[in-house]
Amino acid sequence: MEKVSIIGLGYIGLPTAIVASQNNIKVFGLEIDDKKIDLINNGISPIEEPSIKDYLSKIIKEKKFFASKTIQESDCFVIAVPTPFDKNKNPDLSFVFNAAKNIVTKLKKNNLIILESTVPVGTTEKLANFLEEHSGLKAKKEFFVAYCPERVLPGKIFHEIVNNDRVIGGICDKSCELAQKFYKKFVKGKLHVTSDKIAEMVKLVENSSRDIQIALANQISSMCDEININPFDVIKFANMHPRVNILQPGCGVGGHCISVDPWFLIRSFPQNTELLQTARKINNNKPNIVINKVIKKASDFISKNKRKPKVLALGLSFKPDIDDIRESPALKIAQKLNKKTDLLDLSVSDPFVKKEDIKNYNLNHKQDFPSRDLENYDILLFLVKHSEYKSILNTSILNTSIIFKNIFNKKIIIDPCGIFSHSVDPAD
Ligand code: SAJ
């Protein structure tokens with residue numbers, strides 16, 4: 001395990017490469033995007049993640065790691081490429097098998113191949129067969145293959161890559177043993193060994209379970225809206241039961257994992273995934289529920305004031321405190337509302353999302369929290385529970401919280417994520 005190639009330097013591959021390099025593994029990074037290669041080799045991270053800039057520039061300076069388009073001979077190859085779905089929601093495994101074609105050119109006896117990308121059950125076996133067919137070497141005897149799904153949470157990647165338990169699914173005992181050797185070099189969490197198919201299924205059910213939990217929270221929110229009670233209180237009190245753990249409602253499920261991975265199961269097991277299909281439907285529809293709420297408030301405002309309301313949407317990223325807008329429900333909501341020019345005038349704001357990332361969306365964007373001109377808006381629509389928004393309500397510095405509370409008291413607030421829901425503690 002001295003030389004390791006990491007294929008795909010994205011949200012998983014790059015941090016894995018960094019942590020492996022920090023732990024005295026000679027790491028080659030393989031990437032198809034020239035722009036990313038240039039950035040990385042200059043010590044600049046193409047992705048945002050706490051500490052990544054410092055870590056990357058250090059290992060590049062120390063020449064412990066570099067990125068390239070050319071695959072090198074290695075003891076181990078880690079595949080961390082994207083596995084998106086196509087327009088019919090069928091998994092697109094072309095990046096995985098392109099990586100495999102590349103590996104074949106350098107595959108030697110006793111090499112280990114680890115797949116970390118999220119894949120349908122059975123893909124690791126197909127990968128092993130593909131490598132065997134194209135290299136002439138025998139899987140389980142001359143080379144070894146394991147599936148070890150990534151489990152890190154964006155925003156906490158460096159902590160979780162080291163501290164999370166990992167599930168290692170080998171195609172044979174030796175594959176598990178070698179993969180354990182690799183992860184032991186930098187993982188402090190436990191390494192659990194199982195079969196490739198079980199490990200593949202584990203990853204898909206982990207993310208599907210989260211999707212279902214969020215769908216339940218979103219349905220609780222809809223029911224509570226109907227009778228005008230606070231869903232955040234309901235969930236908070238229900239979660240005080242020792243065996244209940246409901247997640248939080250929001251404006252939908254975004255990102256590249258939770259809204260995608262259940263489809264890998266739904267497509268493989270169409271008859272046995274009713275629950276997953278329903279959860280997907282509920283979470284996918286949540287942005288429409290928020291949009292309809294805004295439309296209703298805007299129409300009421302027009303009837304009362306004989307003019308269109310000025311709406312400020314706060315938050316655009318797919319979840320709190322990150323800049324990532326992939327599959328962001330908040331962005332979807334903003335885009336749709338932006339077209340309702342007969343009903344409202346929309347501005348958007350996000351402290352994390354970069355202007356250039358949304359330049360093609362034709363949105364009136366304000367980078368910082370526009371505290372000074374909050375007075376100018378009629379409706380404040382909080383779409384993401386950024387800490388900054390929460391802290392404004394709690395801070396007592398210079399009485400800003402009182403100033404904001406006074407402003408908020410005069411505005412129409414739409415708050416699907418519960419920023420304003422300071423639920424009552426049962427002890428009070
Ligand atoms: N969300 C809610 N309510 C909640 C929690 C999340 O509406 O209570 C929304 C978020 O706002 C966001 C979406 O769900 O739009 C997904 O966010 P997330 O924090 O649940 O998940 P990801 O996509 O950032 O990361 C998940 C994680 N999986 C699990 O927690 C089971 C992470 O550990 C995985 O590594 C990652 O998917 C992945 O790459 O598969």
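The values are calculated or read from the model by the stated rules, or taken from the named source; none is laboratory data. The structure presented is a predicted model; accordingly, all values stated were derived computationally and were not measured. No Cβ is skipped: glycine too gets one built from the backbone with ideal geometry, and neighbour counts run over all protein chains shown.
Observations on the model:
- Residue list for the range 203-246, filter: under 22 Å from Leu276 (Cα atoms), touching a residue at least 12 places away in the same chain (Cβ under 8 Å) and of a type in the set (Lys, Arg): Lys203, Arg210
- Any pair with Cβ under 7 angstrom, 6 or more apart, that starts in the range 399-428 at a residue that is at negative phi and ends at one that is at pLDDT below 80 and assigned to a loop (DSSP other than H, G, I, E, B): Ser401/Thr395
- Condition check for Glu142: among the acidic types (Asp, Glu), in contact with a helix residue (DSSP H, G or I) (Cβ under 9 Å, 6 or more places away or on another chain) and without any contact (Cβ under 8 Å) to a residue 40 or more places away in the chain: yes
- Residues within the range 73-121 that are assigned to a helix (DSSP H, G or I) and closer than 26 Å to Ile258 by Cα, tallied: 7
- For the range 169-284, the helices (runs of 4 or more DSSP H) that sit wholly inside it and include 3 or more residues that are within 10 Å of the ligand (Cβ to nearest atom) are 196-226.
- Residue within the range 120-137 that is more than 25 Å from Phe85 (Cβ to Cβ), crowded, with 23+ Cβ neighbours inside 10 Å and not hydroxyl-bearing (Ser, Thr, Tyr) present: no
- Residue in the range 136-145 that is of a type outside the set (S, T, N, Q) and under 30 Å from Tyr55 (Cα atoms) present: yes
- Selection count where residues are over 18 Å from the mean Cα position of the chain (by Cα) and either among the hydroxyl-bearing types (Ser, Thr, Tyr) or not in a helix (DSSP H, G or I) (or both), scope the range 149-165: 1
- Residues that are more than 16 Å from the ligand (Cβ to nearest atom), aliphatic (A, V, I, L, M) and part of a loop (DSSP other than H, G, I, E, B) within the range 305-355 comprise Leu343, Leu344, listed in sequence order.
- The condition of being of a type outside the set (A, V, I, L, M) and closer than 23 Å to Leu14 by Cα holds for Lys184.
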